[in-house]
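The values are calculated or read from the model by the stated rules, or taken from the named source; none is laboratory data. If you're wondering where the values come from, they're calculated on a predicted model, not measured in any experiment. Positions of Cβ are generated from backbone atoms using ideal geometry, with glycine treated the same way; all protein chains shown enter the neighbour counts.
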Amino acid sequence: MESSIFLDDVNERQGLFQRRALLFGGLASLGLVALGGRLTQLQLLEAGRYRLLSEHNQFQFVLSPPPRGLILDRNGVVLASNRPDFCLLLARDEHTDVDAVLAKLAQLVPLDAAHLERLKDEIADAPRKAPVAIMEDMSWEEFTRVNVRAPELPGVTADMGEVRVYPFSGAFAHVVGYVAKVSAKDITKTGPNAEPIMLNPGFRIGKQGVEKAFDLTLRGKAGAKKVEVDVKGRVVRQDPRGDIPPGPGSTLRLTLDADIQNRALSVFGEESGAAVMMDCRSGDVLCMLSAPSFDANQFVKGLSGPEYRALAEYDRKPLFNKALTANYPPGSTFKTMVALTALERGFDPSRVYVCNRTWSWGGRVWHCDKAHGALDLKGAIAHSCDIYFYQTALGIGPDAIAATARKFGLGELHEIGIPGQKPGLVPDTDYKRRNFPRDPVWHAGETPSLGIGQGYVSVNALQLCVMASRLANGVTALRPRLIEAIGDVVQPSGATAPGLPFAPEHLAFIRSAMAAVVESGTAARYGDLGLGSVKMAGKTGTAQSHNYTGATQGAHGAKGAWALRDHAWFIAFAPHDDPRYALSVLVEHGGFGAEAAAPKAAQIMKVALLKDPEVRARIVQAAPDASPVSPTTQAPAI
């Protein structure tokens, strides 16, 4: 009985053990099956995904600047391009001994003490691992010397990028502008300047002229280089197979002509002023020069403090765009507007005024440069008689004169695609009322000064060129066009403009009077082109830069200290019988317009005419035995 009970107990325990063993074995089997399935999923089905995640931990993409778009002239001549640039970069981390690394670099490349101190400040201000440019525009020898010693220079890389280059340096500096390093104020949290590429030490943005106005168009799209990094984020090697190529910026074609622009710079030499030329059939701007100029390539590299101060403090103001930003009284060039207004209001061009060099009116004596004697309107324009225009202006009043001048582009901002213009001023009675609350009345004694382009009136060289081109065209109120094409998109022509609301016979009279200025008037000795029957028409102007009182009394024209001399103007178009090109020339403190500005205008105009196939054929046909003439042949000294 006892043994039976014992056996039953043993059997029951054994069965319980077997059941538990089977249960746990089943659970273990299920776990192994699940683990095997998961491993299969990870190693086979999702292998690609985790391989990519692993590579992301091992590889990084470093942004690389795109090639900046080219800037060309109307004939495809390169005005701004890019060239290879060897540069030295340093990206610090928490273990980088900046002083020690810079000391080693100073033994390999030229780094003076001042440069080293400046670099230390830049590196301290830069985020960690953000590369800082130690040296740019390295020679090949310097580049290879650093690369050989790279293992001894933690965080240092010698890289090759691109740098902006301006082949003609100063000739186009004001209109094309330049690029320079990104400054702290250039970086914004939103908008186009929020891109990470802005932090790249080799990246440049437009700072002036076309480079600034079309920066986003020229900038292109950044690329990226795939690099392998260690656990501390330091670059171990590159993987070119994973690089993302950058997208180059769009090409910009300007209406400027490099030959005319370079000739304009050469005829100015060290003198201060501006020259603007337009095609008076299309409105294309062929020349827009401000002189003296500066080398835009220096700004790409970065000027030192002394270099910048030398430019900024020079009294001829090379950094100042005198073609757009500087406004001056137009002097006698404005007499064309007074004369046209008078004709439109019924003035008889045969009316004669007598000039005895002085004229008493309004309780004061008004002066003229010469005693011209009896003159009609055409003679008064040709010989630039102030006394004639004092009286003519009084007869028509300031409001009518201002209305005409504005229709010819004076006192107006012209949309040419680049910033920096100042509108100047064409005054009228409403201007006086708005701006002089203590004396809001336009006094009759203010009108004679307006009649000779003095007083409140001020213009820039672009505006006077627009005026000359509209006078020459005689039909259309041409608009200046500087940007010919953006990429493949051609910009609208300046000839698509409203008509001029003036009688054709009156415009023809002004043109004939301007032809007389060069043939027998104030510019007869200075405006001859030397191109046979191809002649130039124009108008001289001498604008006061100060009052002739006290110590400066009598310092008229080019007398006295440079800063106290008159400004010299000349506007022109040619050929005078078939106008194609219009031009304005300003010589700041140059003295008389005929002597200082007209000869420069003749030399600049000559290049444009000789480059024109139809005008050139006319010149050659008129002189079949003459030797061949080159478009860039220098005009005889005048």
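Cβ separations smaller than 8 Å between residues 6+ apart or across chains give the following pairs from the stretch 434-460 residues that are touching a residue at least 12 places away in the same chain (Cβ under 8 Å) to residues that are part of a loop (DSSP other than H, G, I, E, B) and among the acidic types (D, E): W442/D428. Just to be sure, is F294 of a type in the set (F, W, Y) and more than 18 Å from the chain's Cα centre (by Cα)? Taking the combined requirement at face value, the residue does not satisfy it. Only one of the listed residues (A380, A342, A323, A402) is over 16 Å from L471 (Cβ atoms) and in contact with a Ser or Thr (Cβ under 6 Å, 6 or more places away or on another chain). That residue is A323. If you go through the stretch 478-511 and keep only what is loosely packed, with under 14 Cβ neighbours inside 10 Å and over 28 Å from the mean Cα position of the chain (by Cα), you end up with G499, P501, A503, P504, E505, A508. Within the stretch 478-498, the residues that satisfy the criterion of being more than 13 Å from F408 (Cβ to Cβ) and among the small types (G, A, S) are A485, G487, S493, G494, A495. Kindly evaluate L340 against the criterion of being among the hydrophobic types (A, V, I, L, M, F, W, C) and touching a Pro at 6+ places or on another chain (Cβ under 7 Å). No; evaluated as a whole, the condition is false for this residue.
In the stretch 342-400, of all residues being of a type in the set (F, W, Y) and in contact with a helix residue (DSSP H, G or I) (Cβ under 6 Å, 6 or more places away or on another chain), the one that is farthest from S449 (Cα to Cα) corresponds to Y353.
D279 passes every criterion in (1) under 26 Å from V466 (Cβ atoms); (2) charged (D, E, K, R); (3) surrounded by fewer than 19 Cβ atoms within 10 Å (Cβ to Cβ); (4) modelled with pLDDT of 95 or more apart from (3). The set of residues from the stretch 416-427 being surrounded by fewer than 21 Cβ atoms within 10 Å (Cβ to Cβ) and either under 23 Å from T333 (Cβ atoms) or hydrophobic (A, V, I, L, M, F, W, C) (or both) comprises G420, Q421, K422, P423, L425. Scanning the stretch 346-378 for residues that are under 18 Å from G593 (Cβ atoms) and out of contact with any Cys (no Cβ under 6 Å at 6 or more places or on another chain) gives H367, D369, K370.
The residues of the stretch 313-355 that are of a type in the set (A, V, I, L, M, F, W, C) and either more than 23 Å from F502 (Cβ to Cβ) or modelled with pLDDT under 95 (or both), listed by number, are L319, F320, A323, L324, A326, V352, V354, C355. Which of (1) closer than 24 Å to L610 by Cα; (2) surrounded by fewer than 17 Cβ atoms within 10 Å (Cβ to Cβ); (3) modelled with pLDDT of 95 or more is the odd one out, the single condition R525 does not satisfy? Failing condition for R525: (3).
Condition test on I452, is it closer than 23 Å to N327 by Cβ and at pLDDT below 95? In short, no. The helices (runs of 4 or more DSSP H) located wholly in the stretch 335-439 that include 3 or more residues which are closer than 20 Å to S458 by Cα occupy 335-344, 386-396, 398-407, 429-435.
Summed over the stretch 226-264, residues that are modelled with pLDDT of 70 or more and either among the aliphatic types (A, V, I, L, M) or in contact with a strand residue (DSSP E or B) (Cβ under 8 Å, 6 or more places away or on another chain) (or both) total 17. Scan the stretch 141-189 for residues that are on the phi > 0 side of the Ramachandran plot and crowded, with 20+ Cβ neighbours inside 10 Å and the total you get is 2.
Within the stretch 554-578, the set of residues being in contact (Cβ under 8 Å) with a residue 24 or more places away in the chain, assigned to a loop (DSSP other than H, G, I, E, B) and surrounded by fewer than 20 Cβ atoms within 10 Å (Cβ to Cβ) comprises H556, G557, A558, K559, D577. Taking D159, is it at pLDDT below 75, of a type in the set (D, E) and assigned by TED's automatic domain parsing to the domain that holds V77? Yes: the conditions hold for D159.
Conditions (1) surrounded by fewer than 16 Cβ atoms within 10 Å (Cβ to Cβ); (2) among the charged types (D, E, K, R); (3) without any contact (Cβ under 8 Å) to a residue 40 or more places away in the chain, marked per residue:
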position	(1), (2), (3)
Y308	yes, no, yes
D315	yes, yes, no
F334	no, no, no
A339	no, no, no
A342	no, no, no
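Looking only at residues of the stretch 78-101 that are touching a helix residue (DSSP H, G or I) at 6+ places or on another chain (Cβ under 8 Å) and modelled with pLDDT of 80 or more, we find that the one that is nearest to T255 (Cα to Cα) is L79.
The lone criterion from (1) touching a Phe, Trp or Tyr at 6+ places or on another chain (Cβ under 6 Å); (2) at negative phi left unmet by D430 is number (1).
State yes or no: is A516 closer than 26 Å to C368 by Cα, modelled with pLDDT under 95 and assigned to a helix (DSSP H, G or I)? For A516, the condition - closer than 26 Å to C368 by Cα, modelled with pLDDT under 95 and assigned to a helix (DSSP H, G or I) - is not met.
Does M288 fit the bill of being under 26 Å from L70 (Cβ atoms), more than 15 Å from the chain's Cα centre (by Cα) and either among the aromatic types (F, W, Y) or buried (at least 19 other Cβ atoms within 10 Å of the Cβ) (or both)? No.
Is it the case that the stretch 540-557 has a residue that's at pLDDT 90 or above, assigned by TED's automatic domain parsing to the domain that holds E614 and over 30 Å from T255 (Cβ atoms)? Within the stretch 540-557, one or more residues are at pLDDT 90 or above, assigned by TED's automatic domain parsing to the domain that holds E614 and over 30 Å from T255 (Cβ atoms). Of the residues making up the stretch 344-380, those that are closer than 20 Å to I401 by Cβ, touching a residue at least 24 places away in the same chain (Cβ under 8 Å) and in contact with a Phe, Trp or Tyr (Cβ under 8 Å, 6 or more places away or on another chain) are E344, P349, Y353, W359, W361, W366, L377, K378, A380.
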